[in-house]
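What follows is a single structure, written as structure tokens, with notes after it.
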Amino acid sequence: MAAPKAFNATRGDKVFDIANIVLMSLVLIVTLYPFLNVLAISLNESGDTVRGGITIFPRVFTFENYQQIFQYEGLVRGLWVSIARTVIGTLFGLISASMLAYTLSRPDFQARKFTSTFLVVTMYVSGGLIPVYILFRDLDLLGTFWVYVLPTVVNAFNVIVIRSFMDGLPYALQESAKLDGANDFTIFWKIILPLCKPVLATIALFLAVGQWNSWFDTYLYNGRHPEWTTLQFELMKVLQSTQQGGSGQMVNANDMASKMQNISPESIKMAITIVVTVPILIVYPFLQKYFVSGMTLGAVKS
Amino acid sequence: MRTLTPGGTSKNPDTPAADSNAGKRFKKQGFWRTALQQRYLYLMSLPFVIWAFVFSYLPLWGWTMAFQDFKPGRGFFEQEWVGFEHFVQLFQDDRFYLALRNTLAMSVLGLLVGFVIPIIFAMLLNELRGMIFKRFVQTVSYLPHFVSWVVVAGLVTKMLSTQGGAINDLLLGLHLINEPIQFMAKGEWFWYIVTASDVWKEMGWNTIIYLAAITGIDPELYEASRVDGASRYRQMWHITLPGIRTTISVLFIMQIGHLLQIGFEKQFLLGNNLVQEYSQVLELYALQYGLQMGRFSYGTAISIFNSVVSVILLFTVNGIFKRISKESIM
């Protein structure tokens, strides 16, 4: 519903409106300021930053910090691993969720009830940290790239969202194709999938963001395998190493900071934070329409 | 995503007609013939069902570890069974109660604050008249949701820092304090810092469903109330809020079910040695005193405790809710 038109707006209503706008502007500032502050520091000359007082504009502008961090091979490799897991993980996740959703949207499918229940249970029951760890060890997934993408392939929530969307498509489309002799896979691939672009965009966004942002799996499964560490994990190491005391577990001194004597850890942290954040910043506003309807599809059905 | 999984409540909104038709066809043709006809459907679902079995169901088998003295490298039948010994040990450990206290404290705080604020925020957003401004606020408010906890923890630490952190600068500038506060080193502040960070991150995102629910309210109700001279504030209180009541209660129950599953990322990333007494939550406890010390059985016992309590909570709350409102989400 659009906000009510201002007919016979009373003085109380006007006060309300102004207070509301002020409040919302405050929300904007509180949300945006930390990002702008970090951006400004990342673009500020490192020696000057130490003097303090940077708000949202750099004082001595430079790209030096970025040039420095990209000379550190751990970061560049982490970037590639992160990109790879995002692309592959999203692709796998989309294929599985859309196929499962299609079979569940077919009222005549024999195994529908079973599959549906089987998947919903996975949303509520989880084995927990250690049983999963032991399983991955037994499957020889520890210390490999595949530990990032294989466990997340099937996601019940995504299946439900796509399936809700498919339920809204006219069934007649499929029946006419069937009469023309198309098999179920062709119907899915040629007819249903192209119509599902909006919901697929939503799910792709969720999957990609999940992959890009995840760091704990790196910490737990690949922490001792530097060839597969991700960007988020590298950032986590830098942030934790210079924070007071660290988090208890992260005692290993950070080699990135020690390799770059001429810029301060502060500048390194801020520059990496921006590198990690920018891809998301670029993508999500364009998909807003899609993810809003996707979330609503997943939730309002009850 | 964690907080928003109510899709699971809507299993199979079957169309009865289609189902009974399918049933008839089964009987006419026989199971195997239909199965053969639907081979492509099976090919599209079976591999992923097996996949889900491996990655979601097989770990449940690992729960047996909690009742063994699990030694890696031994086969299942060579393990020594110890019954509830690990649970007894768990319930005798002071650190367990500390972790339980912290988990409950942060989840209850999160439930109270983190649940109410998005509702208020959604209602205020709905009252904004400038559409461009409203859009802009919405888009910006979604941003922190998409950013990882690593980044958010970095931002929070930066903002609360004693060296040029915005909060300390602001407080100093207003002469409310004389010297910077070491926020991240104060254990008793930790719960509130975590809650505030969580609100900052998810406030905008959690409005989506409420805003959708508000869209469903009949516009005539607003018009009628305006004719009666109701102020904007009264409209919010008497029309918007009752209009989204069902949505609120469903989401509330979902939240209760996750009371103990608050995650541990924020606590892990924002915590440090100085505040450990307040930052240690159950899952971190399982990580540190189970996995990292090689006590697999003990750690599994913690996870089981966590899951069992969650399920009990979910059913209890759902039961109470059913009594009160004759509605159920499960």
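Computed quantities for the displayed model
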item	result
The range B:239-287: number of residues that are farther than 29 Å from A:Ile134 by Cβ, touching a Leu at 6+ places or on another chain (Cβ under 7 Å) and charged (D, E, K, R)	1
Test: residue in the range B:29-44 that is more than 8 Å from chain A (Cβ to nearest Cβ) and more than 23 Å from A:Ala182 (Cα to Cα)	no
Looking only at the range A:106-122, and only at residues there that are open to solvent by less than 40 Å² (accessible area, probe 1.4 Å) and part of a helix (DSSP H, G or I), the one that is farthest from B:Gln255 (Cα to Cα)	A:Arg112
Single match in A:Ala182, A:Ala201 (criterion: within 21 Å of the chain's Cα centre (by Cα), in the same structural domain as A:Tyr219 (by TED's automatic domain parsing) and among the small types (Gly, Ala, Ser))	A:Ala201
Residue satisfying condition, being among the β-branched types (Val, Ile, Thr) and in contact with a Leu (Cβ under 9 Å, 6 or more places away or on another chain), within set A:Val159, A:Val153	A:Val159
Wholly within the range A:1-105, helices (runs of 4 or more DSSP H) carrying at least 3 residues that are aromatic (Phe, Trp, Tyr) and not assigned by TED's automatic domain parsing to the domain that holds A:Lys197	A:11-42
Failed condition for B:Arg323, given (1) at the interface with chain A (Cβ under 10 Å from one of its Cβ atoms); (2) assigned to a helix (DSSP H, G or I); (3) of a type outside the set (A, V, I, L, M, F, W, C)	(1)
Residue in the range A:64-78 that is among the small types (Gly, Ala, Ser) and at pLDDT 90 or above present	yes
Members of the range B:296-322 found to be closer than 18 Å to B:Phe87 by Cβ and surrounded by fewer than 18 Cβ atoms within 10 Å (Cβ to Cβ), listed by number	B:Val308, B:Val309, B:Val311, B:Ile312
Of all residues making up the range B:154-186, the number that are of a type in the set (A, V, I, L, M), surrounded by 14 or more Cβ atoms within 10 Å (Cβ to Cβ) and in a loop (DSSP other than H, G, I, E, B)	2
Residues of the range A:123-152 classified as touching a Gly at 6+ places or on another chain (Cβ under 6 Å), open to solvent by less than 20 Å² (accessible area, probe 1.4 Å) and within 9 Å of chain B (Cβ to nearest Cβ), total	4
Yes/no for A:Phe92 being free of Cβ contacts under 8 Å to residues at least 24 places away in the same chain, open to solvent by 10 Å² or more (accessible area, probe 1.4 Å) and either closer than 19 Å to A:Thr202 by Cα or more than 7 Å from chain B (Cβ to nearest Cβ) (or both)	no
Top-ranked residue of the range B:143-152 - restricted to ones that are at the interface with chain A (Cβ under 7 Å from one of its Cβ atoms) and in contact (Cβ under 8 Å) with a residue 40 or more places away in the chain, ranked as surrounded by the most Cβ atoms within 10 Å (Cβ to Cβ)	B:Val150
Residue match in the range B:167-175 (condition: closer than 21 Å to A:Met270 by Cα, within 29 Å of the chain's Cα centre (by Cα) and not assigned by TED's automatic domain parsing to the domain that holds B:Phe264)	yes
Residue in the range A:153-165 that is of a type in the set (Gly, Ala, Ser), out of contact with any Ser or Thr (no Cβ under 6 Å at 6 or more places or on another chain) and surrounded by 19 or more Cβ atoms within 10 Å (Cβ to Cβ) present	yes
Qualifying residues in the range A:206-234 (those that are of a type in the set (A, V, I, L, M) and open to solvent by 10 Å² or more (accessible area, probe 1.4 Å)) - the one farthest from B:Gln38 (Cα to Cα)	A:Leu220
Answer from B:Arg74, B:Arg39 - the residue that is open to solvent by 60 Å² or more (accessible area, probe 1.4 Å) and under 23 Å from A:Val153 (Cβ atoms)	B:Arg39
Residue among A:Thr31, A:Thr62, A:Thr86, A:Thr10 that alone is surrounded by fewer than 21 Cβ atoms within 10 Å (Cβ to Cβ), more than 30 Å from B:Phe31 (Cα to Cα) and more than 9 Å from every other protein chain (Cβ to nearest Cβ)	A:Thr62
Lone unmet requirement of (1) modelled with pLDDT under 90; (2) within 19 Å of B:Asp93 (Cβ to Cβ); (3) in a helix (DSSP H, G or I); (4) not small (Gly, Ala, Ser) for B:Gln267	(1)
Conditions (1) under 30 Å from B:Gly299 (Cβ atoms); (2) in the same structural domain as B:Leu211 (by TED's automatic domain parsing); (3) surrounded by fewer than 16 Cβ atoms within 10 Å (Cβ to Cβ); (4) at pLDDT below 90: number failed by B:Gly130	(1)
Cβ pairs under 6 Å, 6+ apart, first in the range B:52-74 and within 8 Å of chain A (Cβ to nearest Cβ) and within 19 Å of A:Phe92 (Cβ to Cβ), second in a helix (DSSP H, G or I) and open to solvent by 30 Å² or more (accessible area, probe 1.4 Å)	B:Ala52/A:Thr122; B:Ser56/A:Thr122
Qualifying residue in the range A:106-122 (condition: free of Cβ contacts under 8 Å to residues at least 24 places away in the same chain, under 21 Å from the mean Cα position of the chain (by Cα) and within 14 Å of another protein chain (Cβ to nearest Cβ))	no
Failed item in (1) within 10 Å of chain A (Cβ to nearest Cβ); (2) part of a loop (DSSP other than H, G, I, E, B); (3) buried (at least 17 other Cβ atoms within 10 Å of the Cβ), with B:Leu211 passing the rest	(2)
Hey, A:Arg11 modelled with pLDDT under 85 and within 30 Å of B:Ile217 (Cα to Cα) or not	yes
Qualifying residues in the range B:214-234 (those that are without any contact (Cβ under 8 Å) to a residue 12 or more places away in the chain, of a type in the set (A, V, I, L, M) and in a helix (DSSP H, G or I)) - the one most open to solvent (accessible area, probe 1.4 Å)	B:Val227
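The values are calculated or read from the model by the stated rules, or taken from the named source; none is laboratory data. Note that this is a predicted model, so its numbers are computed, not measured. Cβ sites come from the backbone with ideal geometry, for glycine too, and all protein chains shown count toward neighbours. Please note that ligands, DNA and RNA were not included when accessible areas were found on the heavy atoms of the full protein model with its side chains. Shrake-Rupley method; radii C 1.70, N 1.55, O 1.52, S 1.80 Å.
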